[in-house]
Amino acid sequence: MPTVNCGFGDGPYRSGREELVFSGPTLLVQIGYDPDFEDSDAERPNISDDLLPALVDTGATESCIDADFAQALGLLSFGRRDSAEVVGIGGPTPVDHYLAQIYVPELNRTIYGLMAGVRLRAGNQPYYTLIGRTFLQSCTLHYQGRTGAVTLSDD
């Protein structure tokens, strides 16, 4: 069963537990859109090899993508619809949706479909995407707050 480390060990300036509080569980993903990709493919989508930080967000129902990054990639936008809102700490916010694929290399898994475009980078967040519960429902997440260790496995 593939497993990815999403937590932190002790570093020179912070303990692993302090870094986990500061950063949250983080993994590296690849983001883009391959129109020829099918979920039944054993291969990864033909998208950029760049590894980008993603927050494992148990507070998010769906996975989301940074809106400015999605626009920079030229991802297809489906604009705002009546139900196109996300609800966060600032209350309901209308958002555009983008057709995208998020590939998690260490799990060899792809999240794909319409994703809400949220303002992560504009809000000084280091993440390009949030990995939500619809992806996590088929995984096991071990969160060890006392040490800062977090693992996500595909089982």
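Do we find a residue being in contact (Cβ under 8 Å) with a residue 12 or more places away in the chain, among the aromatic types (Phe, Trp, Tyr) and in a loop (DSSP other than H, G, I, E, B) anywhere in segment 31-51? Scanning segment 31-51, I find at least one residue that is in contact (Cβ under 8 Å) with a residue 12 or more places away in the chain, among the aromatic types (Phe, Trp, Tyr) and in a loop (DSSP other than H, G, I, E, B), so the answer is yes. Checking each residue in segment 52-65 for being of a type outside the set (A, V, I, L, M, F, W, C), part of a loop (DSSP other than H, G, I, E, B) and surrounded by 12 or more Cβ atoms within 10 Å (Cβ to Cβ) picks out ASP57, THR58, THR61, GLU62, SER63.
Among the residues of segment 103-155, those that are under 15 Å from THR26 (Cβ atoms), in contact with a Phe, Trp or Tyr (Cβ under 8 Å, 6 or more places away or on another chain) and modelled with pLDDT under 95 comprise LEU120, ARG121. Inclusion of ALA116 among residues that are at negative phi and assigned to a strand (DSSP E or B) is warranted.
The values are calculated or read from the model by the stated rules, or taken from the named source; none is laboratory data. Keep in mind the model is a prediction, meaning the values are calculated, not measured. Because the Cβ atoms are built from the backbone with ideal geometry, glycine has one as well, and the counts that use them run over all protein chains shown.
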